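Asker: Below is a structure I'd like to ask you about.
Laboratory data are not the source of any read-out in this text; all were calculated from the coordinates shown. These numbers were taken from a predicted model, which means no experiment stands behind them. Cβ atoms come from the backbone with ideal geometry, glycine included; neighbour counts cover every protein chain shown.
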């Protein structure tokens, strides 16, 4: 019984605005990168901007994606700061018909999160979106603009931001890496 009350309290008390982006209604329906080529996506990406996420802080975050022998993808996220913290996770293509929709987990105890590549040109930018539905009453958005270099062009960023706006993520909600506190 008390677990039910605790769960209900979790749903009714929204997380701090600086930690998550909670919205009303179910997750939006969105398209992903057509003809996604996982092999071309692998490698190092730098986080340029994102929606706030309680599980991610720090500056100069980079993600490295590598294919394992078993077909899963190793996800190595590193924060380049004094301590150089890192975490290793696993990503899998959840539906071979839509290879741009991946599931990611950083612990066998944590649920698998969505990782949808909305757009990538593989050489300069990737727009990634994730959504966690809460009983179809509300949802939590996560979004990242990743780049192969730490300093993408303004035009690249403008185009990436427009892609996120189509799923309801406003440019003013995004936190550039240069604005993050360590």
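Asker: Run the paramagnetic zone check for residue 70: 7 angstrom along Cα to Cβ, then residues of segment 94-117 with backbone nitrogen under 17 Å.
Answerer: Only 94, 103-113 fall inside the zone, counting backbone N under 17 Å.
Asker: Here is a further query. log₁₀ I(q)/I(0) of segment 29-167 at q = 0.14, 0.16, 0.19 Å⁻¹, via Debye over equal Cα point scatterers, no solvent, to two decimals?
Answerer: The Cα Debye sum returns log10 ratios of -0.64, -0.86, -1.26.
Asker: Multiply the residue gap between residue 172 and residue 80 by 0.36 nm, knock off their C-alpha separation, and tell me the result in nm, one decimal place.
Answerer: 30.6 nm
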